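The values are calculated or read from the model by the stated rules, or taken from the named source; none is laboratory data. Here the structure is a predicted model, which is why all the values come from computation and not from measurement. A quick note on method: Cβ atoms are made from the backbone with ideal geometry, for glycine too, and the neighbour counts reach across all protein chains shown. The accessibility values were calculated without ligands, DNA or RNA, using every heavy atom of the protein model including side chains. Shrake-Rupley method; radii C 1.70, N 1.55, O 1.52, S 1.80 Å.
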Amino acid sequence: MSVLVVGSVAYDGIETPSGKVDRTLGGSATYISLASSYLTDAVRLVATVGKDFAQEDIDLFKRHGINLDGFKVDENERTFFWRGRYHEDLNTRDTLETQLNVIEKFDPVVPDSLKGSRYVCLGNLDPVIQKKVLDQMTTPQLSICDTMNFWIEGMNKELKETISKIDCLIINDSEARELTGENNLIEAADKIREMGPSILIIKKGEHGAMLFSDDGFFTAPALPLTEIKDPTGAGDSFLGGFAGWLSKTDDLSHANLRRAVIYGSVMASFCVEDFGPMRFDQLSPYKISERYDEFRKIAEIPSSS
Ligand code: AMP
């Protein structure tokens, strides 16, 4: 099956306690599509960049077999740029600079040849644009959406309109609380699922992720990693791994959703091991399945006797 990804393709400047990079490839759609490309063949990237976008970064997408029919270079603009600094605990960060550039006028048109894509990933973007993309799709099997506090606070009504149309929402715990005004995450999950999406994933950073669906609840562990260089894009990589596995298997049973949550966690755990998306240029199916097994091992509960 095919995965269509829409979101930002950017250059990022990142400072973490482990180091600093002034300019590296980034953006929500970059992480989603690279992570997804390890699990499924047909990844399609819909995004716009500026004239400063490097050929080597286009080549990286091509090397991963990512379809670029919906990828545009605007010769009159520059690429979206974001700069952030992480605190010592790596859970919080300050945005130091955002240059919207080409993203300011981003109005994605899904080429006819991609409108039938079955799995649709709406990366973190203006919720009105997310809905516009969804409206262009003909027969999606599953639409998966990410968002952030910025949209919850600034475009709440529009975001709720988009959430009412999607099948699966992936957000973190603080966003779930902010979106619903509920402190208890189980109550927050009920409220979010009443807004529309039948599948909800709440990510809890270094504490794993929770899955809520009509068929039950699942909680995924987080790998006890000692070396986290850069958390940028971990959430997007989770989304990419989750969608990639579902697209590969085309099975929305609860058991398979659980596997997809673990593949999401696997891709997020790789992402944080290096700056930017660079870890995604050195992975292999073997390393991915090895790490999947590590997740299985740490979550095994022995029987009581
Ligand atoms: P995450 O760490 O999952 O929040 O994703 C980080 C990526 O989001 C970075 O690579 C940024 O380029 C991108 N980003 C930051 N702010 C925005 C924004 N307002 N809209 C779209 N993408 C953004």
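Assuming a ≥ b ≥ c are the square roots of the Cα gyration tensor eigenvalues, decide whether segment 96-188 counts as rounded (a/c under 1.5), prolate (otherwise, with a/b larger than b/c) or oblate.
Cα axes put segment 96-188 in the oblate bin.
Rounded to the nearest 500, what is the chain's calculated 222 nm mean residue ellipticity when only DSSP H runs of at least 4 contribute -39500 (n - 2.57) each, over all residues?
On the way: 10 runs with 110 residues, N = 305.
One gets -11000 deg cm²/dmol as the mean residue ellipticity at 222 nm.
Roughly how large, in nm² to one decimal, is the mean projection of the convex hull of the alpha-carbon atoms in the chain?
Mean projected area for the chain: 15.4 nm², to one decimal.
Projecting each Cα onto the charge dipole of segment 1-139 (Lys/Arg +1, Asp/Glu -1 at the beta carbon, about the Cα centre), which of G116, Y38, I14 comes out farthest on the positive side?
It is G116.
Ordered by residue, what ³J(HN,Hα) values in Hz, to whole numbers, does segment 231-236 give under the Karplus form 6.51 cos²θ - 1.76 cosθ + 1.60, where θ = phi - 60° and Gly and Pro are x?
x, 4, x, 4, x, 5
Decide, for segment 186-277, between rounded, prolate and oblate: order the square roots of the alpha carbon gyration tensor eigenvalues as a ≥ b ≥ c, take rounded if a/c falls under 1.5, and otherwise choose prolate if a/b is larger than b/c, else oblate.
Numbers: a/c = 2.11, a/b = 1.56, b/c = 1.35.
Because a/c hits 1.5 or more and a/b exceeds b/c, segment 186-277 counts as prolate.
Where in segment 227-305 are there trypsin sites (Lys or Arg not before Pro) that are in a DSSP coil and have at most 14 other Cβ atoms within 10 angstrom of their Cβ? Write out the running numbers ahead of the final one.
On the way: sites: K229, K248, R258, R259, R279, K287, R291, R296, K297; in loops: K229.
Loop-located and lightly packed - none at all.
Can you list which of the chymotrypsin sites (Phe, Trp or Tyr not before Pro) found in segment 242-305 are DSSP loop residues with at most 12 other C-beta atoms within 10 Å? Write down the numbers at each step before the final one.
Numbers: sites: F242, W245, Y263, F270, F275, F280, Y286, Y292, F295; in loops: F275.
Within segment 242-305, no chymotrypsin sites (Phe, Trp or Tyr not before Pro) qualify (loop, at most 12 other Cβ atoms within 10 Å).
As I understand it, the dipole of segment 43-188 uses +1 on the Cβ of Lys and Arg and -1 on the Cβ of Asp and Glu, about the Cα centre. Which of I152, V73, T95 lies farthest toward its positive end?
So the residue furthest toward the plus end is V73.
Would you grab the residues whose amide H sits under 5 Å from the one on G70? Only those 5+ places off in sequence or on another chain, please, with H modelled 1.01 Å from N.
When sequence neighbours closer than 5 places are left aside, the close amide H contacts are L45.
Say R0 is 35 Å: what FRET efficiency, to the nearest 0.05, do E158 and N183 get from their beta-carbon distance?
On the way: r = 25 Å, r/R0 = 0.71.
After rounding, the FRET efficiency stands at 0.90.
I need the shape label for segment 161-204. Rule: rounded when a/c is under 1.5, else prolate if a/b > b/c, else oblate, with a, b, c from the alpha carbon gyration tensor. All intermediate terms of the calculation are to be shown ahead of the outcome.
Values: a/c = 1.78, a/b = 1.50, b/c = 1.19.
The shape class here is prolate.
Once you've got the GNM for the chain with C-alpha springs shorter than 10 Å, pick whichever of P17, P231, P140 has the biggest mean-square fluctuation.
Of the options given, P17 has the highest mean-square fluctuation.
Please go through the residue pairs K229/K287; K191/K287; K160/K204; K105/K191; K248/K297; K115/K204 and name each one whose alpha carbons sit more than 29 Å apart in this structure. Can you show the working numbers first?
On the way: K229/K287 19 Å; K191/K287 38 Å; K160/K204 22 Å; K105/K191 33 Å; K248/K297 23 Å; K115/K204 33 Å.
Check vs 29 Å cut-off fails for K191/K287; K105/K191; K115/K204.
Leaving out ligands, DNA and RNA, and with a 1.4 Å probe, what % of the accessible surface on the chain is carbon or sulfur? Provide the component values of the computation, followed by the final result.
Numbers: 6220 of 13390 Å².
In the chain, the share of accessible area belonging to carbon and sulfur is 46 percent.
With each pseudo-label sitting 7 Å past Cα toward Cβ, what's the D94-K72 distance in nm, one decimal?
Taking the simple label geometry, D94 and K72 are separated by 3.6 nm.
Grab the other residues whose beta carbon is less than 12 angstrom from that of V5, score K and R as +1, D and E as -1, and report the net.
Details: positive: R44; negative: D146, D236.
Net charge in that neighbourhood comes out at -1.
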